[in-house]
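Every number here is computed from the coordinates shown, using simple stated rules; none is lab data. None of the values given here were measured: they were computed from a predicted structure. Neighbour counts are summed over all protein chains in view; Cβ atoms, including those assigned to glycine, are modelled from backbone coordinates with ideal geometry.
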Amino acid sequence: MPEIKVTPLGAGQDVGRSCILVSIGGKNIMLDCGMHMGYNDDRRFPDFSYITQNGRLTDFLDCVIISHFHLDHCGALPFMSEMVGYDGPIYMTHPTKAICPILLEDFRKITVDKKGETNFFTSQMIKDCMKKVVPLNLHQTVQVDDELEIKAYYAGHVLGAAMVHIKVGSESVVYTGDYNMTPDRHLGAAWIDKCRPDILISESTYATTIRDSKRCRERGLSEESARKHRKRRQGKRVGPQTVSLSDHLSVQSSFQERMNLKAPIYFSTGLTEKANHYYKLFITWTNQKIRKTFVQRNMFEFKHIKAFDRSYADNPGPMVVFATPGMLHAGQSLQIFKKWAGNEKNMVIMPGYCVQGTIGHKILNGQRKLEMEGRATLDVKLQVEYMSFSAHADAKGIMQLIRMAEPRNMLLVHGEAVKMEFLKGKIEQEFSIDCYMPANGETATVTTNPSVPVDISLNLLKREMALGGPLPDPKKPRTMHGTLIMKENSLKLVSSEQALKELGLNEHQLRFTCRVQLQDPHSDNDTLHRIYTHLKSVLKGYTIQHLPDGTVMVESIVIKVSSSAEDANTKVLLLSWSYQDEDLGSFLSTLLKKGLPSGLC
Amino acid sequence: MAAHLKKRVYEEFSRVVQIPHEETPAKKLRLSKPSKSAALHIDLCKATNSTDALQYLLQFARKPVETESVEGVVRILLEHYYKETDNSVRLKIASLLGLLSKTQGFSPDCIVDDAINTLSNEKSHQVLAQLLDTLLVIGTQLPESPAVRQRLIEVACKHLSDTYFGVRNKCLQLLGCLGTVDSPLTKDSEGLATSLGGVRDVQSIISDYFGDQDPRVRTGALKSMLQLHERGMKIHEIIYDQACRLLSDDYEQVRSAAVQMVWVLSQLYPESIVPIPSSNEEIRLVDDAFGKISHMVSDGSWMVRVQAAKTLGSMLQVSPHFLEQTLDKKLMSDLRRKRTAHERAKELFTSGEFSSGRKWADDAPKEKLDTNTVNLIASGACGAFVHGLEDEMFEVRIAAVEALCQLARSSASFAEKCLDFLVDMFNDEIEEVRLQSIHVLREISTHITLREDQLDTVLAVLEDSSRDIREALHELICFTNVSTKECIQLALLELLKNLNKYPTDRNSVWKCLKFLGSRHPTLVLPLVPELLSTHPYFDTPEPDMDDPAYIAVLVLVFNAAKSCPTMPALFSDHTFRHYAYLRDSLSHLVPPLRLPGNGLDLVDSRCGLGSVESAQLFLQQSLNRISTIQNLEAPGAQDLLDFTIRDLRRLGELQTELAGAADFCATYLRCQLLLMKALQEKLWNMAVPLCFKQNVTATAAAQQILEETYKLEFLYSGLDNRQVATIHHVRLQAKALQLILTARTRQGLEPLISSCDKFLQDIESFQRLFLTELPHLQDSFVDKLLELMPRLSSCKPVELVKILQTTLRQSGLLQLRLQPEQIHRATATIIEPTGESDNPLRFTSGLVVALDIDATLEHVQDPQNTVKVQVLYPDGQSHVIHPKPGDFRKPGPARHRLITQVYLSHTAWTEPSQIEVRLLLAYSSSSSPSKLGWSDSIDSLPPPEAAVEGTIPFSKPVKVFIMPKPTRR
């Protein structure tokens, strides 16, 4: 039985450094190649030595697919391709290809320039790596080689996020990457057709959450702003951004615009600005609203929002700052946070999921004293709020995707083990399909039952159709006679005559003969005639002939009578039938064994 | 007839031979008539190859065919059909057959047999499908013939097993359109019935194809089943299961049709009980269907989502607890055996197995609940509306909002629950959705009382930059109930803010406060001192009377005071003075109040209850009194008319409900009065040259009557045919008067002949238009004329004029009967520009300046086509501007609002001057009732009377100061 093997190198029962190996139909594919935010050592990158101890990966991987530009999905890409060594194709969507190098460069700067790490990938490596990228369009089927094909679907998580459908022959796997089933302010909802893959590999960040409606959450934010607006004196606020940025920015912006608020809003420069630029460019990847209105006004041309300068942090008066990164582990958001953490008038809103080990995670869990680098501690006095904005599917969304795609098996990654366990139970209960949740390095094996396509000759098909009912019924299997020829990797079903001809074989007749003893006092000829009349009465609808040379023919079955040597009353019937008439022949032999009825003349 | 008449007139009076213009096309048509089928035949015979033949057929299809020649054409076509070898030509012929059998007045039963015969030899599937389509047309043309129907159904059944999806589809369509449920297909179709396994009826045959391999056929089967339902056949309940299975089909059009099917069945058998799979429980069918359709709201295809969301709205019989699940997403975890494990479910509901996503780490997994897991309804169903309302496509969101509205209107408790969601929709990104949800909230506002936090969100929308949204919201606030005095205060505050930010909203805001005040007098009472900033000991400064915000506060207070007699005691002196001022200047916003020691009391008591009835009585009496004037020359008749007109005008002013009717009557009587004066004895006895001056007044009167009749006809709505006839009658009289005057003054025969001719045409068209009303017009002018008609049409113009003169003078006054409540006068008020500004609008000459116009229109039918804006420059130049259809909004019944911009331009002026802007009501008499059909017009009927087009100004002109400056070089 063919198998599909899935091995997470990262993101197995964990969030961060997504990297999943899939072997399907003899092809090896790496899905995502991310890094872990919580670590600064070797655990940061996936363990590529799992694939091969030494040497390059090119021989072992057929392709690498990157679902979106978040660092936990693409952060290890230059490391893998340039430092470990991989020259094969890397697939990603156009927006991902555009934004990804910016984020990688930023990441590199922080690690190398700020933290002073060595033995890290360089700018040149990022460039070289990006040269290996093959861009994908949505719903475009790309042939990686003769057998392997991939197709991207819209995932709605960030700009350019995609789900990929990987297909080899009739086996297929769908990898969702991160996705979102409820549309947000500027991105649409994920969508996939009913492709019925063998395995659906889904993220499960919010496995146990069913979020409030989007509007409830937005109302929260708006109220927050409004409240703040009323109390002008209030302090400053840091709203760290996820790397996805722009989401709340746009909420905030449109809210401001509609209500004409005046408090200054800043967003951190550099990275955010550049990425925002791409949001402006890839308008087709956004949702209906933005696509519809961008002619009048591009949503991402924010009017009230200014770029933030470091010196502004000490300005008096209220302000709102959006800063990256969202988990407060480094960068500008951390700097501002340090500056403002002491005042209880200030507030920080965490917009999404925080990986274990980051400051974001710590303060969300109520830690009020933080140890910074060195031995300094920081008292956290400011208010901490959490608002789940990040664009991941919640439990209901995951269920919805399963319903959409109708997979035969389910595999959960990119989530916490306990939560996965819970969702796994739900899935198995509701859809009664198998659900796997392998840990990192663990292999999940799914045996598939691929259908084997066979070419059937048209003549044979027509002949069978003429024999059977009016229409082929797709729901019911039907038996038919034919010969299966396996030749040069292709299967063909043809009629036996044609098969003989094609293969250059002679036809061999196979006949069965059988003797039946019968007690009958009449002469041979009379017995034959009696048999003839008897058969005629039993087998209606068959051609039965009494031939002059002393035989009875039923279709192709020959019946002969001879008296036995010792007893004249014991007649020996000789039956002979060909292999094709096996059914009828055996029926006749049992019938005649019972003897002739007495009432025959 | 008129043409005939015309000829005779010409023959007798003139030698000039003038070929009447309208005869030429008629002749042409007649010529082409017999050649139609013959030409086709020749064409087709000529055709050498299939492309040619196709071309001919295409040309042929462009022209209509007369009823009587259809059959011949069909025969020719069929003949060619049999000969033709090319599929595409046969296909075209088949489609032409269908088109032809649709011809008005042609009964296609004579071609049924031929059409069926063609089927038997046809090999091409496409042609077969087209032929079946033709049969479908024939079948629908012959609804009363069961024999044809039976035959067609047999044909359809026979071809159902075709391998081409189109043929199967058409067969199913045939079955759906023609099949009957009550008569199973028995004896005639024996062979067929046995091959399909026993005697079957149409429904079960159709439902067999629910499982067809082709999705298009599955859709077709569902559609024809729906068609059966539409034709009044009762669909069997067994179909339900099959339809439900199709809800999870791979193809969106199948799912969409299945949603409809499930909905139909849920309406037919709401109370049936269906089992829940994998459990021993049962629920009502409508609940089950509701659950299933709710499920479809999260379908992959947005078309299906829209369909499902719309459908949900009309499932009113659904049980309340199912309904409420659609608003809660989290019920997913606790839908287990609601009835059996009630307490547990409740406990679960409060604890929540899933996290809400608003608090960090509240989703730490609890121990697994080991319940007997059975889902009552498919879990996807809960939260259907939550999903629908946050869908990506705004079409789905609008559909969901509408569905919510329908459901909420029928269930008060649901209305209460969905309130939060609707209020949230006020923040939608797309304006249409916001607008729609505001409208919906207004519609269900009878069921609800807004809480403070909800009001907060609602009022936040007041700052929206879209005017439509703000006005819809004002409308909403007019109808909402609030619970506390804080809410009132909040609303007032926000409305004042709005007023400050968008001063153009003034009227709308005031109106809104008027209703807010009159709805919540007790809530306003404790706020009064604060609102009016009075102080128990100290005098406070008198507020500025021109401040719109202050007026707004006063409107709120005064309206509340109307039903709260204790309130005026809290007013300070200047408030009373302001009241008197506002009552006069803004009487529509400030109600009459019973104030101590105030004379106003008296005036208002007159407009008490019952006065409408008495006014109506008065109106009727006045009209009756008029009817006593039989002879126009009776002494005092003129005076009586004069007085009555005056009375009616005054009545209209006093009683706004009857203003339309009173005005209408007064105008009508005025027409009569003018006519009467014009026909005075002495005028007609004098010799022509002597009474030139009188002639002039009479001509003017005739002209004025004509104008007034157009006003009567087009300015008033709610007229019935009889009143229109009366108006036309007056117009005819005026025209007769004009004719007589022409005859008296001008000597030339030529113009007289043509005007006589025209008049006769007018009479004829009158007769045609008001054939049904003629019996009511006994003894009238027209009645007499029609009696004399044969003579009129043959006599000479001079004689005609004489006859007219006597008849006109003898004719009495036609009595006016009307339903006073129904008649409304179209009015328009220009709100903006106000015309008060002294600052001229300056612009460079030769360039344009945009002037914002905001007007309300009442009782205008079809304003998009009739209302125009006229701009009159001081030099007499005038421009008429047609506003865009999108500039009209409909805030209420019989009310429209025009918000538009007109562009002004002029050459340079030395100093600013005023232009006038007014609204015009355009009319055109060609839009009058009887539109002649195409087939009728062939029979050389006279062309419809030349359309009289014109405009009636129906708003007060507003002056705008403008100043085009010379260009600076």
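Just to check, using Stokes-Einstein with a Kirkwood Rh over alpha carbon pairs, what's the diffusion coefficient of region A:511-594 at 20 °C and 1.002 mPa s in µm²/s? Mind showing how you got there, number by number?
Details: Rh = 12.8 Å.
Estimated diffusion coefficient is 168 µm²/s.
Summing Lys, Arg as +1 and Asp, Glu as -1, what charge do residues with Cβ under 15 Å from the Cβ of B:F843 carry, B:F843 excluded?
On the way: positive: B:R842, B:K965, B:R968; negative: B:D852, B:E911.
That sum, taken over residues with Cβ under 15 Å, equals +1.
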Could you tell me the convex hull volume per residue, in Å³, taken over the Cα atoms of region B:449-593?
101
Log entry: pair-distance distribution for region A:150-189, C-alpha pairs binned every 10 Å from zero, whole % per bin is 33, 44, 19, 4
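Taking a ≥ b ≥ c as the square roots of the Cα gyration tensor eigenvalues, with a/c under 1.5 meaning rounded and otherwise prolate when a/b beats b/c, else oblate, which class fits region B:43-190? Spell out each step's value before the answer.
Working: a/c = 2.38, a/b = 1.49, b/c = 1.59.
It comes out oblate by the Cα gyration axes.
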Cα-based Debye curve of region B:49-132 sampled at q = 0.16 Å⁻¹ gives log₁₀ I(q)/I(0) of -0.57
Just report the Cα centroid separation between region B:704-761 and region A:13-89, whole Å.
92
Spread of Cα-to-Cα distances over 5 Å intervals beginning at zero, given as percent, for region B:614-810:
1, 7, 15, 18, 20, 16, 11, 7, 3, 1, 0, 0
Which whole-percent values make up P(r) of region A:445-585 when all C-alpha to C-alpha distances are grouped in 5 Å steps starting at zero?
2, 8, 12, 14, 13, 11, 10, 9, 8, 6, 4, 2, 1, 0, 0
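Once the Cα gyration tensor of region B:828-900 is found, what semi-axes does its equivalent ellipsoid get, as square roots of 5 times the eigenvalues, in whole Å, sorted largest first?
25, 14, 11
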What is region B:704-789 by shape, rounded, prolate or oblate, if you read a ≥ b ≥ c off the alpha carbon gyration tensor as root eigenvalues and call it rounded for a/c under 1.5, prolate for a/b larger than b/c, and oblate otherwise?
oblate
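Give, as a single signed number, the net charge of other residues whose beta carbon lies under 11 Å from the beta carbon of B:G300, with Lys and Arg counted +1 and Asp and Glu -1.
Working: positive: A:K194, A:R403, B:R255, B:R305; negative: A:D193, A:E406, B:D250, B:E252, B:D299.
Within the 11 Å Cβ shell, the charges total -1.
Kindly identify region A:138-206 as rounded, prolate or oblate by the Cα gyration tensor criterion: order the square roots of the eigenvalues as a ≥ b ≥ c, call it rounded if a/c is under 1.5, otherwise compare a/b with b/c, prolate if a/b is larger, else oblate. Can you show the working numbers first?
Working: a/c = 2.58, a/b = 1.77, b/c = 1.46.
Note, shape of region A:138-206 comes out prolate.
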